[in-house]
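J.: Sharing a structure, written as structure tokens. Questions coming.
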Amino acid sequence: MGRFWFSDEFGPFLFKTDANGVVLGPEIGIPGVFAPQNPFRGDTPPNLRSSGGLEGLAISPDGKTLYPLLEGVVAGDPANTLRLYAFDVDSETFAPGYWLYPLTGGVAIGDLTAIDDNRFLVIERDNRRGPAAQVKQIFSIDRREFDEVDGQRILRKSLLVDLLDIRDPLDLDGDGSTAFRFPFSAIEAVAIVDPFHLVVANDNNYPFNATRRAGVPDNTEFILLRVDRPLVDVPEPAMGLALLGLGALGLSVGLRRRV
């Protein structure tokens, strides 16, 4: 019972498995997009950098549409733009065309999560960590809202959370500051808990990154964020949670996996 869809960075490909992890059918490539490692490109030159494939993969609430988002720029596309596709689960085909997500400071995206049928959350980041980190942000986008430039659909976006400047008025992490930073090089997961709360997590790249303490491999950290405005138009839940977010305070949950 159940089916799972996975995205790949080196084809890039989509592929499907059953609940036991058995792959069901061949890989599904993005039409006209080839990373250097793509085994099916033949003499076609690659037009996407290595490991620049499908870093983000969201699914619509009804489960009928996947939304794959590339991490790298396809050759010939406008600079600093990443393609967002729509993929029909039943027919296993891509819809014609795509949108372009504009990077505005980061060098990559870390995750894509659907809010509803049209809106998404995107993690945008640089590759720096610790005090050197400059861009760790969560934006909201709506596939219906874009600017058409030379026939391309350039998505508009709105900053939701700056992960390097999270309000922490109760100093929940005990560092003596009322601002909390999440300065990992790879922040690669965001999930919606309810209309006012998100969970965000890092990829610790164990054991190569040492962000919190010099010489100590990073843990995997999960933080619960409360945002000022609801993600959907429903009454605020009475959860009695401490706040951590843009216009909020912070609560760390299940914070660290000790190593």
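The values are calculated or read from the model by the stated rules, or taken from the named source; none is laboratory data. Here the structure is a predicted model, which means the values were calculated and not measured. In this analysis, Cβ positions are derived from the backbone assuming ideal geometry, glycine residues included, and neighbour counts consider all displayed protein chains.
J.: So, Phe34, is that one aromatic (Phe, Trp, Tyr), in contact with a Phe, Trp or Tyr (Cβ under 9 Å, 6 or more places away or on another chain) and farther than 20 Å from Thr113 by Cα or not?
T.: Values: aromatic (Phe, Trp, Tyr): yes; in contact with a Phe, Trp or Tyr (Cβ under 9 Å, 6 or more places away or on another chain): yes; farther than 20 Å from Thr113 by Cα: yes.
For Phe34, the condition - aromatic (Phe, Trp, Tyr), in contact with a Phe, Trp or Tyr (Cβ under 9 Å, 6 or more places away or on another chain) and farther than 20 Å from Thr113 by Cα - is met.
J.: Right, here's the next one. Suppose we keep only residues that are out of contact with any Gly (no Cβ under 8 Å at 6 or more places or on another chain) and modelled with pLDDT of 95 or more within the range 117-131. Which one would you say is nearest to Phe208 (Cα to Cα)? Lay out the reasoning, then the answer.
T.: Going residue by residue through the range 117-131, those that are out of contact with any Gly (no Cβ under 8 Å at 6 or more places or on another chain) are 117-121, 127-131.
With the extra rule that they be modelled with pLDDT of 95 or more, the set shrinks to 118-121.
On the way: Asn118: 37, Arg119: 34, Phe120: 31, Leu121: 28 Å.
Restricting to residues being out of contact with any Gly (no Cβ under 8 Å at 6 or more places or on another chain) and modelled with pLDDT of 95 or more, the top hit is Leu121.
J.: Hey, any hits in the range 212-228 for a residue that's acidic (Asp, Glu) and crowded, with 18+ Cβ neighbours inside 10 Å?
T.: Step one: filter the range 212-228 for residues acidic (Asp, Glu), giving 218, 221, 228.
Now narrow it down to the ones that are crowded, with 18+ Cβ neighbours inside 10 Å: 218, 221.
Looking for residues that are acidic (Asp, Glu) and crowded, with 18+ Cβ neighbours inside 10 Å, one finds at least one in the range 212-228, hence yes.
J.: Kindly list, by first and then second residue, each pair from a residue in the range 167-188 that is in contact (Cβ under 8 Å) with a residue 40 or more places away in the chain and more than 17 Å from Lys136 (Cβ to Cβ) to a residue that is of a type in the set (Ser, Thr, Tyr) and assigned to a loop (DSSP other than H, G, I, E, B), limited to pairs with Cβ atoms under 9 Å and residues at least 6 apart or on different chains.
T.: Here the result reads Pro169/Thr178; Leu170/Thr178, each pair linking the range 167-188 to a residue that is of a type in the set (Ser, Thr, Tyr) and assigned to a loop (DSSP other than H, G, I, E, B).
J.: Hey, among the residues in the range 149-188 that are of a type in the set (A, V, I, L, M, F, W, C) and surrounded by fewer than 16 Cβ atoms within 10 Å (Cβ to Cβ), which one's farthest from Val232 (Cα to Cα)? It would help to see each step written out before you state the result.
T.: Taking the range 149-188 and keeping what is of a type in the set (A, V, I, L, M, F, W, C), we get 149, 154-155, 159-161, 163-164, 166, 170, 172, 179-180, 182, 184, 186-187.
Retained after the next criterion (residues that are surrounded by fewer than 16 Cβ atoms within 10 Å (Cβ to Cβ)): 149, 159, 164, 170, 179.
Details: Val149: 29, Leu159: 16, Leu164: 25, Leu170: 27, Ala179: 27 Å.
Ranking the candidates gives Val149 first.
J.: Of the residues Ala79, Ala95, Ala86, Ala75, which is within 26 Å of Glu124 (Cα to Cα) and either under 17 Å from the mean Cα position of the chain (by Cα) or surrounded by 15 or more Cβ atoms within 10 Å (Cβ to Cβ) (or both)?
T.: On the way: Ala79 fails: either under 17 Å from the mean Cα position of the chain (by Cα) or surrounded by 15 or more Cβ atoms within 10 Å (Cβ to Cβ) (or both); Ala95 fails: either under 17 Å from the mean Cα position of the chain (by Cα) or surrounded by 15 or more Cβ atoms within 10 Å (Cβ to Cβ) (or both); Ala75 fails: either under 17 Å from the mean Cα position of the chain (by Cα) or surrounded by 15 or more Cβ atoms within 10 Å (Cβ to Cβ) (or both).
Result of the check over Ala79, Ala95, Ala86, Ala75: Ala86.
J.: Only one of Val74, Val22, Val33 is under 17 Å from Ile109 (Cα atoms) and not assigned by TED's automatic domain parsing to the domain that holds Ala189; which?
T.: Working: Val22 fails: under 17 Å from Ile109 (Cα atoms); Val33 fails: under 17 Å from Ile109 (Cα atoms).
It is Val74.
The rows are residues; the columns are (1) in the same structural domain as Leu69 (by TED's automatic domain parsing); (2) at pLDDT 95 or above; (3) closer than 23 Å to Leu57 by Cβ; (4) touching a strand residue (DSSP E or B) at 6+ places or on another chain (Cβ under 6 Å).
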site: Leu170; (1), (2), (3), (4): no, no, no, no
site: Thr178; (1), (2), (3), (4): no, no, no, no
site: Val190; (1), (2), (3), (4): no, yes, yes, yes
site: Val200; (1), (2), (3), (4): no, yes, yes, yes
site: Asp203; (1), (2), (3), (4): no, no, yes, yes
site: Asn209; (1), (2), (3), (4): no, no, no, no
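J.: Collect the residues in the range 127-145 that are surrounded by fewer than 18 Cβ atoms within 10 Å (Cβ to Cβ) and not small (Gly, Ala, Ser), keeping them in residue-number order.
T.: At the first step, the residues of the range 127-145 found to be surrounded by fewer than 18 Cβ atoms within 10 Å (Cβ to Cβ) are 127-128, 130-132, 134, 142-145.
Of everything in the range 127-145, those that are surrounded by fewer than 18 Cβ atoms within 10 Å (Cβ to Cβ) and not small (Gly, Ala, Ser) turn out to be Asn127, Arg128, Pro131, Gln134, Asp142, Arg143, Arg144, Glu145.
J.: Of the residues Arg181, Arg226, Arg143, Arg153, which is of a type in the set (Lys, Arg) and more than 27 Å from Leu70 (Cα to Cα)? Break it down stepwise before answering.
T.: On the way: Arg181 fails: more than 27 Å from Leu70 (Cα to Cα); Arg143 fails: more than 27 Å from Leu70 (Cα to Cα); Arg153 fails: more than 27 Å from Leu70 (Cα to Cα).
Checking each option against the conditions leaves just Arg226.
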